[in-house]
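Report on the following structure.
The values are calculated or read from the model by the stated rules, or taken from the named source; none is laboratory data. Keep in mind that this is a model prediction, so the values were computed, not measured. For neighbour counting, all protein chains shown are included, and Cβ atoms are generated from backbone atoms with ideal geometry for every residue, glycine included.
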Amino acid sequence: MAEREPMMAEKVVPPIMEPGYTFATVTDKISSIVLTHKTPRGWYIGFGISFALFMMFLYAVSVLFVRGIGVWGVNIPVGWGFAIVNFVWWIGIGHAGTLISAILLLLKQDWRTSINRFAEAMTLFAVACAGVYPLLHLGRPWLAYWLFPYPNTMSVWPQFRSPLIWDVFAVSTYAIVSLMFWFVGLIPDLATLRDRATGRVQKVIYGLLAMGWRGSAKHWSRYETMYLLLAGLATPLVVSVHTVVSFDFAISILPGWHTTIFPPYFVAGAIYSGFAMVMTLAIPIRKFYHLEGFITMRHLQNMSKVMLAMGLVVAYGYGMEIFMGLLYSGNPHEHFQTVNRITGPYGIFYAALILCNILTPQLMWMRRTRNSVWALFVISIIVNIGMWLERFVIVVSSLSRDFLPSSWGMYAGTRYDWMTFVGSIGLFLTLLFLFLRFLPTISIFEVRAMLPAAAIKEKH
Amino acid sequence: MKQIAPPLYGLLAEFDTPNELVRAARATYAAGYRRIDAFTPFPIEELSEAIGFAQNKLALIVLIGGILGGLFGFGLQYWASAITYPINVGGRPTNSWPAFIPITFEMTVLFAALAAVLGMLALNGLPQPYHPAFNVPRFALASNDRFFLMIAKADPLFTHQGTHEFLKSLNPREVSDIDE
């Protein structure tokens with residue numbers, strides 16, 4: 001029996017929060033990261049690197065604006081290239097933030113509390129990165145406002161039957177709703193920062209943003225109703241956004257795109273890559289700011305389980321695509337496209353994406369992997385890469401080999417494609433570092449409400 | 001020159017735990033006070049009913065927002081595609097309503113979400129840069145780890161002496177005057 005004990009110990013579920021915190025220590029611990037006057041040196045290093053990458057992004061975009069879209073690798077037949085690959089990748093990453101903040105709230109998953117704030121921030125910044133790409137891709141980005149319906153001197157309207165216009169509405173609605181969700185979630189914590197700030201500038205800025213929040217019971221009551229309703233609205237919204245993104249492909253008639261499995265398979269892929277990104281960010285943040293007491297192994301384990309489940313849904317999607325293409329549809333073009341995707345000129349990318357998205361994550365079946373921070377960190381990065389490859393294979397392999405062999409062509413990103421892509425990661429990280437420095441990374445009031453002392457014991 | 005004391009707004013009692021506050025709020029309501037409010041660092045479900053705050057109108061506002069958004073979204077597309085700029089493409093219907101559903105849905109969600117956030121702020125009277133409670137220095141702890149109960153002077157039962165003693169009887173940590 002003695003040798004079985006360690007195994008039993010391993011089975012104990014780690015807590016959502018380390019014991020021993022009080023209302024005051026929770027407030028102190030989280031708000032001190034923001035209110036300290038000494039910015040840690042590591043922050044400067046991280047911000048510096050991110051900002052340098054962001055500058056590279058601006059350089060690449062400036063070249064694009066001056067010389068035109070020809071600096072990218074896109075041409076006929078592959079007209080979509082990196083811009084759309086990156087757009088879908090980023091917007092997919094954003095979806096985990098909404099999932100964590102809205103869907104897990106509705107499902108009463110308490111463990112979401114310490115990760116929802118920065119997951120929502122991640123959503124916002126990922127949507128910002130995503131939103132840039134279709135605009136750059138327009139060719140004449142200064143006319144981007146033509147996408148919106150407004151009374152104009154040309155007296156024409158956007159084509160409302162086009163999925164590309166649906167995309168405009170879906171992504172802008174998503175950006176606005178995510179921003180509001182994030183901001184109203186911040187209001188009570190901004191009030192905490194206002195009340196604890198010592199500098200005049202901090203007091204004024206946090207004071208303005210907190211809008212005079214004072215924690216009134218009447219305010220909380222309406223606030224809670226609003227938060228629940230917003231979560232209820234964000235849940236179908238997040239599903240609809242990636243569905244509409246998949247319509248950009250599925251509504252066309254191109255083999256490999258024209259399929260009804262795209263909407264659910266895109267949504268699952270989005271959640272998959274988003275959770276991978278939350279994990280990639282959460283692991284260094286909890287280490288650097290010593291937040292292991294709030295973001296515990298329980299969170300990492302739960303996220304790895306969600307990733308495992310979503311990875312299997314994505315695997316089902318891949319399997320079903322092959323089944324439809326080879327065995328079921330009987331369409332020679334679909335058949336060719338399926339074989340071409342696996343064994344054609346981009347076959348190596350397909351093999352890599354299967355390795356990254358399907359095979360590697362299976363390691364998470366083992367409890368040992370789920371208990372190892374390093375293993376989870378590495379796997380989450382591999383999944384991020386895999387999901388990028390997936391979008392690359394979808395976009396490029398179908399476009400490069402359409403119905404007529406005479407119109408086939410190959411595609412590769414140019415140096416400006418790569419600079420824009422890596423640069424947009426710089427934009428994302430720059431915003432994230434600013435967020436970590438100036439706003440509370442973890443929702444202070446929600447963590448307070450989770451403490452045992454917050455429970456009301458009825459006396460009658 | 002004689003210093004004029006600022007007028008009184010109400011009295012504020014400070015408690016250490018949410019339990020004490022909820023109990024005190026119930027007692028205050030039972031004693032007949034109605035112009036009362038409580039301030040806490042996190043939402044406490046029992047508290048709003050303890051101070052006699054009936055459920056709010058927010059859900060209705062959100063529903064109306066959503067309906068208006070849906071009508072606007074569909075109306076915009078119908079008007080643009082079928083009325084003001086109809087194009088006949090091979091005899092296909094100009095009111096191709098199934099293709100209008102995604103945008104109608106997005107507009108429904110957008111308007112409902114805007115109604116939820118703006119409705120919450122409007123009903124709560126925010127942004128409100130000034131409130132008399134902020135004049136009490138210890139009130140800063142309402143966003144940290146203390147729990148406050150307030151009785152406004154506007155309450156018909158309010159007397160400075162009597163209400164002060166009543167609040168004292170609820171075993172608070174401290175009772176302070178709120179200046180206007």
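Quick one: which of A:VAL171, A:VAL184, A:VAL177, A:VAL245 is touching a residue at least 12 places away in the same chain (Cβ under 8 Å), surrounded by 20 or more Cβ atoms within 10 Å (Cβ to Cβ), β-branched (Val, Ile, Thr) and facing another protein chain (nearest Cβ under 7 Å)? Steps first, please.
Values: A:VAL171 fails: facing another protein chain (nearest Cβ under 7 Å); A:VAL184 fails: surrounded by 20 or more Cβ atoms within 10 Å (Cβ to Cβ); A:VAL245 fails: facing another protein chain (nearest Cβ under 7 Å).
Only one candidate passes the filter, namely A:VAL177.
Could you grab me the full set of residues in the range A:226-241 that are free of Cβ contacts under 8 Å to residues at least 60 places away in the same chain, out of contact with any Gly (no Cβ under 9 Å at 6 or more places or on another chain) and buried (at least 21 other Cβ atoms within 10 Å of the Cβ)?
Within the range A:226-241, just A:LEU229 meets the criteria.
Quickly run through the range A:315-346 and pick out the residues that are farther than 20 Å from A:ILE358 by Cβ, assigned to a helix (DSSP H, G or I) and free of Cβ contacts under 8 Å to residues at least 60 places away in the same chain.
A:TYR328, A:PRO332, A:HIS335
From the set of residues in the range B:35-57 that are more than 7 Å from chain A (Cβ to nearest Cβ) and outside any loop (DSSP other than H, G, I, E, B), which is surrounded by the fewest Cβ atoms within 10 Å (Cβ to Cβ)? Working first, answer last.
Taking the range B:35-57 first, the residues more than 7 Å from chain A (Cβ to nearest Cβ) are B:35-36, B:45, B:49-50, B:52, B:54-55, B:57.
Remaining after also requiring outside any loop (DSSP other than H, G, I, E, B): B:36, B:45, B:49-50.
Working: B:ILE36: 20, B:GLU45: 14, B:GLU49: 16, B:ALA50: 24.
Across the range B:35-57, the extreme among qualifying residues is B:GLU45.
For every residue, the table says whether it meets (1) within 25 Å of A:GLY413 (Cα to Cα); (2) aliphatic (A, V, I, L, M); (3) in contact with a Ser or Thr (Cβ under 9 Å, 6 or more places away or on another chain); (4) buried (at least 16 other Cβ atoms within 10 Å of the Cβ).
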site: A:PHE294; (1), (2), (3), (4): no, no, yes, yes
site: A:LEU326; (1), (2), (3), (4): no, yes, yes, no
site: A:GLU334; (1), (2), (3), (4): no, no, yes, yes
site: A:ARG370; (1), (2), (3), (4): no, no, yes, yes
site: A:ASN384; (1), (2), (3), (4): yes, no, yes, yes
site: A:PHE392; (1), (2), (3), (4): yes, no, no, yes
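How many residues does the range B:125-143 hold that are assigned to a helix (DSSP H, G or I) and surrounded by fewer than 23 Cβ atoms within 10 Å (Cβ to Cβ)? Working first, answer last.
Taking the range B:125-143 first, the residues assigned to a helix (DSSP H, G or I) are B:132-135, B:137-143.
This time we only want the ones that are surrounded by fewer than 23 Cβ atoms within 10 Å (Cβ to Cβ), so: B:132-135, B:137-138, B:140-141.
Residues meeting the conditions: 8.
From B:LEU118, B:LEU114, B:LEU76, grab the single residue that is assigned to a helix (DSSP H, G or I), surrounded by fewer than 22 Cβ atoms within 10 Å (Cβ to Cβ) and touching a residue at least 40 places away in the same chain (Cβ under 8 Å). Before you say what the answer is, go through the steps one by one.
Values: B:LEU118 fails: touching a residue at least 40 places away in the same chain (Cβ under 8 Å); B:LEU76 fails: touching a residue at least 40 places away in the same chain (Cβ under 8 Å).
None of the other options fit; the residue is B:LEU114.
Six or more apart or on different chains, Cβ under 7 Å: which pairs go from a residue in the range A:427-444 that's without any contact (Cβ under 8 Å) to a residue 24 or more places away in the chain to one that's in a loop (DSSP other than H, G, I, E, B)? Could you list them?
Final answer for the pair search is none.
Could you figure out which of (1) under 21 Å from the mean Cα position of the chain (by Cα); (2) more than 14 Å from chain A (Cβ to nearest Cβ); (3) of a type outside the set (Phe, Trp, Tyr) isn't true of B:LEU121?
Evaluating B:LEU121 over (1) under 21 Å from the mean Cα position of the chain (by Cα); (2) more than 14 Å from chain A (Cβ to nearest Cβ); (3) of a type outside the set (Phe, Trp, Tyr) leaves (2) as the failure.
If A:SER240 passes every condition in (1) assigned to a helix (DSSP H, G or I); (2) over 23 Å from A:THR123 (Cα atoms) but one, which one does it miss?
The one condition A:SER240 does not meet is (2).
Scan the range B:81-93 for residues that are more than 9 Å from every other protein chain (Cβ to nearest Cβ) and surrounded by 13 or more Cβ atoms within 10 Å (Cβ to Cβ) and jot them down. Break it down into steps so the answer makes sense when it comes.
Taking the range B:81-93 as the starting set, the residues that turn out to be more than 9 Å from every other protein chain (Cβ to nearest Cβ) are B:82-83, B:86-93.
The one that is more than 9 Å from every other protein chain (Cβ to nearest Cβ) and surrounded by 13 or more Cβ atoms within 10 Å (Cβ to Cβ): B:ALA82.
Residues to consider are A:ASP417, A:ASP402; find the one that is of a type in the set (Asp, Glu) and in a helix (DSSP H, G or I).
Details: A:ASP402 fails: in a helix (DSSP H, G or I).
Just one listed residue meets the conditions, A:ASP417.
Among (1) of a type in the set (Lys, Arg); (2) under 14 Å from A:LEU35 (Cα atoms); (3) within 10 Å of chain B (Cβ to nearest Cβ), where does A:LYS218 come up short?
(2)
Regarding the range A:138-157, can at least one residue be identified that is within 7 Å of chain B (Cβ to nearest Cβ) and crowded, with 22+ Cβ neighbours inside 10 Å?
no
Is it the case, given these coordinates, that B:ALA25 is part of a strand (DSSP E or B) and in contact with a helix residue (DSSP H, G or I) (Cβ under 8 Å, 6 or more places away or on another chain)? So that I can check it myself, show each step before the final result.
Working: part of a strand (DSSP E or B): no; in contact with a helix residue (DSSP H, G or I) (Cβ under 8 Å, 6 or more places away or on another chain): yes.
No, not satisfied.
A:ILE93: at pLDDT 90 or above and among the β-branched types (Val, Ile, Thr), yes or no? Talk me through it step by step, then tell me what you get.
On the way: at pLDDT 90 or above: yes; among the β-branched types (Val, Ile, Thr): yes.
So A:ILE93 passes the test.
With (1) within 14 Å of A:ALA276 (Cα to Cα); (2) not in a helix (DSSP H, G or I) as the list, and A:LEU376 as the residue in question, which single condition is left unmet?
Of everything listed in (1) within 14 Å of A:ALA276 (Cα to Cα); (2) not in a helix (DSSP H, G or I), A:LEU376 misses just condition (2).
Identify, please: which residue in the range A:15-41 is under 23 Å from A:MET297 (Cβ atoms) and exposed (fewer than 14 other Cβ atoms within 10 Å of the Cβ) and is, among those, nearest to the other protein chains (Cβ to nearest Cβ)?
The selected residue is A:THR22.
To keep it simple, each residue is scored yes or no on (1) out of contact with any strand residue (DSSP E or B) (no Cβ under 9 Å at 6 or more places or on another chain); (2) polar (S, T, N, Q).
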{"position": "B:ALA25", "(1), (2)": "no, no"}
{"position": "B:TYR33", "(1), (2)": "no, no"}
{"position": "B:GLN55", "(1), (2)": "yes, yes"}
{"position": "B:LEU63", "(1), (2)": "yes, no"}
{"position": "B:ILE67", "(1), (2)": "yes, no"}
{"position": "B:TRP79", "(1), (2)": "yes, no"}
{"position": "B:ILE83", "(1), (2)": "yes, no"}
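Mind listing just one residue for me: the one in the range A:203-219 that is touching a helix residue (DSSP H, G or I) at 6+ places or on another chain (Cβ under 7 Å) and not aliphatic (A, V, I, L, M) and, of those, surrounded by the fewest Cβ atoms within 10 Å (Cβ to Cβ)? Give the steps one after another, and end with the answer.
Quick first cut of the range A:203-219, residues touching a helix residue (DSSP H, G or I) at 6+ places or on another chain (Cβ under 7 Å) only: A:203, A:206-207, A:209-211, A:213-215, A:217-219.
The next check asks that each one be not aliphatic (A, V, I, L, M); those that pass are A:203, A:206-207, A:213-215, A:218-219.
Details: A:LYS203: 15, A:TYR206: 23, A:GLY207: 19, A:TRP213: 27, A:ARG214: 23, A:GLY215: 27, A:LYS218: 17, A:HIS219: 25.
Applying the filter and picking the extreme gives A:LYS203.
Conditions tested, residue by residue: (1) within 23 Å of the chain's Cα centre (by Cα); (2) at pLDDT 90 or above; (3) within 11 Å of chain A (Cβ to nearest Cβ); (4) within 25 Å of A:ILE444 (Cβ to Cβ).
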residue	(1), (2), (3), (4)
B:TRP79	no, yes, yes, no
B:ILE101	no, yes, yes, no
B:THR104	no, yes, yes, no
B:MET107	no, yes, yes, no
B:ALA140	yes, no, yes, yes
B:PHE166	no, no, no, no
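Small (Gly, Ala, Ser), more than 19 Å from the chain's Cα centre (by Cα), closer than 30 Å to A:GLY68 by Cβ and not in a loop (DSSP other than H, G, I, E, B), is that true of A:SER397? Steps first, answer last, please.
On the way: small (Gly, Ala, Ser): yes; more than 19 Å from the chain's Cα centre (by Cα): yes; closer than 30 Å to A:GLY68 by Cβ: yes; not in a loop (DSSP other than H, G, I, E, B): yes.
It is true that A:SER397 is small (Gly, Ala, Ser), more than 19 Å from the chain's Cα centre (by Cα), closer than 30 Å to A:GLY68 by Cβ and not in a loop (DSSP other than H, G, I, E, B).
Tell me which residues, restricted to the range B:121-143, are free of Cβ contacts under 8 Å to residues at least 12 places away in the same chain and over 17 Å from A:TYR206 (Cβ atoms). Steps first, please.
Going residue by residue through the range B:121-143, those that are free of Cβ contacts under 8 Å to residues at least 12 places away in the same chain are B:121-122, B:124-131, B:134, B:137, B:140.
Answer for the range B:121-143, where residues must be free of Cβ contacts under 8 Å to residues at least 12 places away in the same chain and over 17 Å from A:TYR206 (Cβ atoms): B:LEU121, B:ALA122, B:ASN124, B:GLY125, B:PRO137.
Table: residues versus (1) in a loop (DSSP other than H, G, I, E, B); (2) at pLDDT below 90; (3) touching a Ser or Thr at 6+ places or on another chain (Cβ under 6 Å).
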position	(1), (2), (3)
A:LEU363	no, no, yes
A:PHE421	no, no, no
A:LEU427	no, no, no
A:LEU436	no, no, no
A:HIS460	yes, yes, no
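Taking the residues in the range B:17-34 that are surrounded by fewer than 21 Cβ atoms within 10 Å (Cβ to Cβ) and among the polar types (S, T, N, Q) as candidates, determine which candidate is nearest to B:PHE147 (Cα to Cα).
Across the range B:17-34, the extreme among qualifying residues is B:THR17.
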